[in-house]
Every structure is written in C-alpha cells, then in structure tokens.
Amino acid sequence: MIRLGEMKPKMGQDEWALVIRDLILLGADAVPDLIQALDKADDVYTLRCLAFVARGIGDKRVIPALIRAFPKTCESGSSDCAFIAKDPELLAFMQKHDTRKGDGGTHYDFGRAITEVRLTLQKMTGVKHGEDELNFAHLGGSARQQYLQRSQFHRCADRWAKWWEGHWKELISDERYSRVDLPALAVVPATSAGEFPHGPKAKITGWVSGGYLQSVHNPKAKQVFLDLDSGREAALPERLRSAVGQPERIDDIAAWAAAEGLDLMCTEYLIPGDEKPHYVLRGLGLATWRFAGDRREELKTDLLRKDPLEGGTRVDGLLVRFNTQLGRYDPADTSTYLFHTREGGCGALFVGVEVHDNSMQNGFFPSPINIDLNPVGFQKGRRLAYTLISNAD
C-alpha cells in the first residue's frame, strides 16, 4: 500500500495502473493491510486509490473501513477523470473494476475520493444512505463553515455505521468486522451573525456556478434543497409532500430544513391571471440582502474595501424582486444576494434564470457563455451560483 504515495506523480500512466492491478490481484489476503491503509490515509489521492482497490477485490470485510474513510473525502476541490492505458489488457482490467456500468471504450474512470468511496459502498451493499446528496459538496470558507461541511459527511457516515451494525450478518460472517467505531468529529463553536466579512482580509472562495434547483412540486426531483454552507443537495422527503394541487407544507418543510441545515428550496409562483407557474427560490432560515443584477465581479473588489458593503435590500422568503407598483413578484429578475446562514456562514448567491426547456444534452456548450443566464438545461428549475465568504486567518 505504501507504493501508492510514490506513484502519485505517475497517476494515469500504465506504471501506476499496474500497481492498482497488482493490489487487486492480491485478493482477500490484502484485506487486513487495506483496512489499515484506509484508516491511516490522510489525503484524498490515497483514498481514491484504496477505494478503487477495495472495489476490485470485493471483500465485504472492508466495508467498516470504507465507512470510517467517508468523512475524509470532504475536499476543497477536485474532479472525476478518465485515463487511457496503452496496454489493452491493462485497460480492460481497469475498466472491469472502475465505476462505470459497462466495459469497453478507450478510457477507464478514476473518480474523486467521494466518488470512489460512495460508489464502492453502494456496489458492495446495494443500499444508499444519502451520500449522493454530497456529490457536489466541497470544503472551503471559514473554520466554522468547514466544520459544517465536514459534519454533513460525518452524519452520512454515522447513518452508514448504524445500518452496518444492524445488517453485517447478511454480508459477512466474521464478527471482528461487525462494528464501525466511527471517530468523533471535533466541534468548532458556532459564530454569531455579526458584520459581514469585508476589508483586506475578506476571502471569497471560487463561485460554484451552473447549478440549479428543481421544484418542490416535482415528485421526481432530487435537487430541491441546498445547504449553502456545505453544498449538499437534497430531495423532499415523501412524508412532507403535499397532496396534488395543494401548496407546499412550508411550516413542516422549514422545521425539517432547520434540522438538516438546508438553506434554499425551489418552489413555484403563479402570477395572477397566468396559467404557467414560475420557478423561484425561497430562503429557509436565511438572512439575505438583495443587490440588483449580476454583481459577482464587483464583489471581488467591493468586499476588500475598508467600509462594509452597503445598499442591499433586506429580503425574506422568496428571493426575487417584488414589484410594488404591480403588487407582485417579478420571476424574470436575476439578482445577487449576500447571505448569513442560520449556522453563521456568510456568502453570496446569484439567482439566475428559470429553466423550462430541459432539452440540453451532454457535451452542449451553452450560449450565452454565462450558463447561469441560459434558459436551457438538463432539468427544469431555477439556475443559481454561490460562493462562501470569510475573513482570512
């Protein structure tokens, strides 16, 4: 297992893939060392490799170690990738054990740590415990925000641990691997929602752009809610779904969202006299200040000024401009919002356009270039982009 770190500069080359192959071919004899390596791993590169190896071996005794490793897959930024093997036999071997559903083609997949670990757990057990909601979660922002991000991963691992300890006999017979013993997560104290970060130490993480949320009224929607502190996306639990034709159960949803740390949801708004509903975002326990238009570029300089940023309009509930003359909301509005989450996180949100045309295909490059203003997407809903803002240490 030690050779994996030495192979990092050669990641994607045949020499590196041969190490992965040789570890997999060790089979069950490698499991004790594999478990030890997963517990010791403190970098996402090693976790990616070890999860690939675990999936290739397929020995379910490694499941508790994969669960313990899951919280460590919370990282600042990376991407799934694909590699080419010059040796056709090696390519076929790597394709056989990668995360794709089929073999063949010119590449094999090598995912981020979260991709490799979550898909390995799913393949070995046939169940899920909310880990897919964290696929686009990321590590960044203040120390408190990073704690909130890590806590989402830890909560997911805890669900897995409880499930495993109630079902391990269905998958293995060796009681030595019956417990997970998930390490505790060190708590970072909450911060008060004081003055918004500004001045020379203000730090803006990279914008997460091209996202969207789907309507809470869509029974098939999987991306209805968003936790701005962590990037977790969630669907509406079936128990909170309203009867057909009825408004959402906002009080019940708000209480559930507070317990889950979710900050945004997509709902529908009907202009009086219209038949077609519009997709709009609603803040949940979120303090927001609206700045008209796309202010993302200006924020980079405005927040570095000595004086706090002023001029925003406090907005509660629907994140869309209210036209006082017409007495209704304007769903076509695209604006920038500064926000405080209920957990004390700070950031900026750009509410983009509605998407009613879901005919976008993979490989399509949108026009205009600003994807958050593109009304064509993969799913119907509301486009958005966001970033975390903190004071650098």
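The values are calculated or read from the model by the stated rules, or taken from the named source; none is laboratory data. Note that the structure is predicted; figures quoted are calculated from it, not measured. Positions of Cβ are backbone-derived with ideal geometry, glycine not excepted, and every protein chain shown enters the neighbour counts. Ligands, DNA and RNA are excluded from the accessible area calculation, which covers all protein heavy atoms including side chains. Shrake-Rupley method; radii C 1.70, N 1.55, O 1.52, S 1.80 Å.
Here is a check on your reading of the model: is ALA184 open to solvent by 40 Å² or more (accessible area, probe 1.4 Å), modelled with pLDDT under 90 and not aromatic (Phe, Trp, Tyr)? No. Among the residues of segment 92-115, is there at least one that is part of a helix (DSSP H, G or I), closer than 23 Å to GLY211 by Cβ and β-branched (Val, Ile, Thr)? So far as segment 92-115 goes, yes, one or more of its residues are part of a helix (DSSP H, G or I), closer than 23 Å to GLY211 by Cβ and β-branched (Val, Ile, Thr).
Taking the conditions (1) of a type in the set (Ser, Thr, Tyr); (2) under 20 Å from LEU384 (Cβ atoms); (3) not in a strand (DSSP E or B) in turn, SER242 satisfies each one other than (2). Criterion applied to LEU213, LEU171 was being aliphatic (A, V, I, L, M), touching a residue at least 24 places away in the same chain (Cβ under 8 Å) and touching a Gly at 6+ places or on another chain (Cβ under 6 Å), and the one residue passing it is LEU213. Taking the listed residues THR336, THR387, the one that is under 25 Å from LEU304 (Cα atoms), in a strand (DSSP E or B), modelled with pLDDT under 95 and among the β-branched types (Val, Ile, Thr) is THR387, with no other qualifying. Here ASP307, ASP357, ASP316 are screened, and the one residue that is within 19 Å of TYR269 (Cβ to Cβ), open to solvent by 70 Å² or more (accessible area, probe 1.4 Å) and not polar (S, T, N, Q) is ASP316.
The numbered conditions (1) modelled with pLDDT under 90; (2) over 27 Å from SER209 (Cβ atoms) are all true for ARG305 except (2). Residue check: ALA69 meets all listed conditions (1) open to solvent by less than 10 Å² (accessible area, probe 1.4 Å); (2) closer than 27 Å to GLN145 by Cα; (3) without any contact (Cβ under 8 Å) to a residue 12 or more places away in the chain but one, namely (3). Filtering GLU275, GLU268 for residues that are in a loop (DSSP other than H, G, I, E, B) and either among the basic types (Lys, Arg) or over 30 Å from PRO200 (Cβ atoms) (or both) leaves a single hit, GLU275. Scanning segment 120-169 for residues that are of a type in the set (Asp, Glu) and in contact with a Cys (Cβ under 7 Å, 6 or more places away or on another chain) returns a single hit, GLU131.
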